[in-house]
Amino acid sequence: MKHTKNEMIFLNHVKTSCKIYGIKCLLKKTKTVKMDDNVKCSGYFDETGKVLVVAMNRPDWVEILAHEYSHLTQWVEKIPVWLDAENSLGKVWEWLDGKNVRNIDTHIAVARDLELDNEKRSVKVIKKFNLKVDLENYVRKANAYVMFYNWLRKTRKWSRPNNSPYKNKNVKSAMSTKFNMNYKTLSPRLEKIFREEDI
């Protein structure tokens, strides 16, 4: 796969940043990567395992790399929502696995707010490196993903890879092309779309 000059500059920047902060950078020639035995995804950043992993054999690899790299910057900067998420993300997964978790609303809100901060960072990264990404479409997908956390609170189940909120065209088209939505709640209109699309 041939990369553009800007993509190469960005790739080198990510690799250099990972080296500086002692993070292993795994850019795999696959369509998905395994987070654990049960979860396949397009990429992840794991500060505990000190690894950033991205599936590169897909058309949206540059967006995913920008997203996971932005998580690295949250971790490096130790922003408050990242520090809160160190506890909350585990609680959300425990809850999804069927455990009763106190204050689950708070933990889900932290996970949602972490992703919102991260998506805003990702857009800045895409602009900074002048990467070929349709930003309006990217922000719609980002908003769908952030809003998904409010839907998750109602369903208690993660989306299926073939029908994730950011891949579903009806969910995506219901989203704003700017980061200007009310992220604290799911409007009745959006809730209806998430339900009808069986996210």
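Here the extension length gained between Glu94 and Lys127 equals 8.3 nm, from 0.36 nm per residue of separation less the Cα-Cα distance. Mind checking which aspartates and glutamates have their C-alpha under 15 Å from Lys31, skipping anything on the same chain fewer than 8 residues away? Output for Lys31: Asp60, Glu63. Taking a straight line from the alpha carbon of Lys19, these aspartates and glutamates sit under 18 Å away, with near neighbours fewer than eight places off in the same chain left out: Asp46, Glu47, Glu68, Glu77. For the chain, a crude dipole built from +1 on the beta carbon of Lys and Arg and -1 on the beta carbon of Asp and Glu, taken about the Cα centre, is about 540 debye to the nearest 20. Averaging the sequence gap over all C-alpha pairs within less than 8 Å and six or more residues apart, then dividing by the number of residues, gives the stretch 20-99 a relative contact order of 24 percent. Separation of the stretch 7-86 and the stretch 103-122, taken as the distance between their Cα centroids, equals 17 angstrom.
In the chain, Cα pairs under 8 Å separated by at least six residues give a relative contact order of 16 percent.
Kirkwood-type hydrodynamic radius, the chain: 17.5 Å, calculated from all non-identical alpha-carbon pairs.
FYI, it's all coordinate maths here, none of it is from the lab. Keep in mind the model is a prediction, meaning the values are calculated, not measured. No Cβ is skipped: glycine too gets one built from the backbone with ideal geometry, and neighbour counts run over all protein chains shown.
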